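One structure is given below, encoded as structure tokens.
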Protein chains: 2
Amino acid sequence: MKLSTRGRYGLKAMFDLAVHMGEGPVSLKSIAERQDISEHYLEQLIAGLRKAGLVKSVRGAQGGYVLGREPAKIRVGDVIRVLEGPIAPVDCVSEEDPECCAKAEHCVTRTIWEKVRDSISEVLDSITLEDMVKDAEKMDKERKYYMYYI
Amino acid sequence: MKLSTRGRYGLKAMFDLAVHMGEGPVSLKSIAERQDISEHYLEQLIAGLRKAGLVKSVRGAQGGYVLGREPAKIRVGDVIRVLEGPIAPVDCVSEEDPECCAKAEHCVTRTIWEKVRDSISEVLDSITLEDMVKDAEKMDKERKYYMYYI
DNA sequence: ACAAATCCCGAGTGTTTTGATAAGATTTGT
DNA sequence: ACAAATCTTATCAAAACACTCGGGATTTGT
């Protein structure tokens, strides 16, 4: 029941982009340095985010990435789903195309996993990047609020 | 964010034991057959459950396993924690000995993972084996309510 | 006493996932 | 033209996962 680094690093990067919103394109290199992530690895992760429209890329010198839409409209769940796949503790209750078995309707544990899935989704979909930035500002007014760890 | 087969199979087995409560020791072989799990693999899983006191073993011919205490006092969360480790989407919010980083107090995402952890725990700790047996009885009065899939 | 049933334990194995690295191609501002 | 970036593809080592196997130890029915 662990998140992989994909989701953790990806959310770090998205938060970093939200913090630097309005300052023009942010290079992968600067994100990787601030968040202490392998640049090449982050490249793979952000490719997925780009395809999903959560970030836009600007190629060439002074290029980089910007958020695909306002921070208030990007939920943590959106980011996690792109990087980790549909939220589900087991495949038979996957948010999209669940691999149901024949007896799914009579399966006691299935209902348990559904409840787990829904409670996770509810938490992740109730928080936006904007919320995160505001929380960070509250936590520490002085310091630049990079996340050192996820 | 997936459960491994350890948690799934283990809960299957515990449910099976709860269903057959009061019929004497249940052999691993019969559980493995009903739940369609590798017997040797299940052996490993149940070893952990035994050490945790969730099941008791009866050695020798006609031996097997029985629940360590009443089904009403065994929560799904108890079983999952034994087989999958402490509930936590990331290590820094682990239920026991979290590997905190220096900046944990200023980490925005940490609070998110805490909320996720708590919502999962709440679901898993609100359901007991007794609840599962009752649900199964409700779902299907006629058939023996084995779980065919988790 | 003996054999069958059953639990107990540790080691080995193939596959998949994870997390990263490397090399080169493409695009663009200066 | 050049340097700074992104983009694409390929490769790879380590860990986790899901078993599998072999051999003991213990108890019971006959």
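Here are some notes:
- Filtered by the rule that a residue be of a type in the set (Lys, Arg), more than 16 Å from DNA strand D (Cβ to nearest atom) and under 23 Å from residue A:20 (Cβ atoms), segment A:42-100 gives A:69, A:73, A:75.
Here's the yes/no breakdown for (1) within 17 Å of the chain's Cα centre (by Cα); (2) at negative phi:
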{"residue": "B:44", "(1), (2)": "yes, yes"}
{"residue": "B:48", "(1), (2)": "yes, yes"}
{"residue": "B:97", "(1), (2)": "no, no"}
{"residue": "B:107", "(1), (2)": "no, yes"}
{"residue": "B:126", "(1), (2)": "yes, yes"}
{"residue": "B:130", "(1), (2)": "yes, yes"}
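- Matching residues, segment B:65-82, being small (Gly, Ala, Ser) and under 17 Å from residue B:45 (Cα atoms): B:68, B:77
- Residues that are at positive phi and in contact (Cβ under 8 Å) with a residue 12 or more places away in the chain, drawn from segment B:50-83: B:53, B:62, B:64
- Of all residues in segment B:11-32, those satisfying the criterion of being away from chain A (no Cβ under 13 Å) and either aromatic (Phe, Trp, Tyr) or within 13 Å of DNA strand D (Cβ to nearest atom) (or both) are B:24, B:25, B:27, B:28, B:29, B:32.
- Members of segment A:18-38 that are open to solvent by 50 Å² or more (accessible area, probe 1.4 Å) and either closer than 19 Å to residue A:60 by Cα or away from DNA strand C (no atom under 12 Å from the Cβ) (or both): A:21, A:22, A:23, A:25, A:29, A:33, A:34
- Search result, residues across segment B:113-122 that are open to solvent by 10 Å² or more (accessible area, probe 1.4 Å) and either under 21 Å from the mean Cα position of the chain (by Cα) or facing another protein chain (nearest Cβ under 7 Å) (or both): B:115, B:117, B:118, B:119, B:121, B:122
- Qualifying residue in segment A:2-10 (condition: away from DNA strand D (no atom under 13 Å from the Cβ), within 10 Å of chain B (Cβ to nearest Cβ) and more than 23 Å from residue B:2 (Cβ to Cβ)): no
- Subset tally (residues that are within 14 Å of another protein chain (Cβ to nearest Cβ), away from DNA strand C (no atom under 16 Å from the Cβ) and open to solvent by 30 Å² or more (accessible area, probe 1.4 Å)) for segment B:39-82: 2
- Residues of segment A:93-112 satisfying the condition of being more than 7 Å from chain B (Cβ to nearest Cβ) and buried (at least 23 other Cβ atoms within 10 Å of the Cβ): A:93
The values are calculated or read from the model by the stated rules, or taken from the named source; none is laboratory data. These numbers were taken from a predicted model, which means no experiment stands behind them. Glycine gets a Cβ as well: all are built from the backbone with ideal geometry, and neighbour counts include every protein chain shown. The protein model used for the area step is the full one, side chains on, heavy atoms only, and it has no ligands, DNA or RNA in it. Shrake-Rupley method; radii C 1.70, N 1.55, O 1.52, S 1.80 Å.
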